[in-house]
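The values are calculated or read from the model by the stated rules, or taken from the named source; none is laboratory data. Because the structure is a prediction, the values reported are computed rather than measured. Cβ atoms come from the backbone with ideal geometry, glycine included; neighbour counts cover every protein chain shown.
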Amino acid sequence: MGHDEYGTSDGPPSFGMPEHSALTIEGRIERAAAVGDHIIRVREGRERPLWRSDWLLGLLLIAGALGAVVALAVVLDLLG
């Protein structure tokens with residue numbers, strides 16, 4: 001990318017973010033492509049679907065524990 005006499009560049013501004021950041025268009029396109037590739041691989045049987053993943057149970061346990069803590073905080077707030 002070249003600069004003209006006014007110091008402007010030919011491309012879009014980067015705002016100091018990495019090229020493949022989730023906040024850039026390039027990063028979003030790459031993530032969308034990765035999701036599409038995963039869906040195709042699942043359909044072809046080369047990958048396991050996300051809901052059959054080994055770590056899904058762990059995420060559910062974490063979400064349940066967070067829900068229990070929030071419920072406990074609400075109950076204690078109502079009592080106290």
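Could you go through the stretch 56-73 and let me know if any residue there is within 20 Å of the chain's Cα centre (by Cα) and loosely packed, with under 10 Cβ neighbours inside 10 Å. Checked the stretch 56-73: at least one residue is within 20 Å of the chain's Cα centre (by Cα) and loosely packed, with under 10 Cβ neighbours inside 10 Å. Report, by residue number, each residue of the stretch 40-49 that is surrounded by fewer than 12 Cβ atoms within 10 Å (Cβ to Cβ) and part of a helix (DSSP H, G or I). Those that are surrounded by fewer than 12 Cβ atoms within 10 Å (Cβ to Cβ) and part of a helix (DSSP H, G or I): I40, R43, E44.
Restricting G27, G36 to residues that are modelled with pLDDT under 85 and either under 19 Å from the mean Cα position of the chain (by Cα) or of a type in the set (D, E) (or both) narrows the list to G27.
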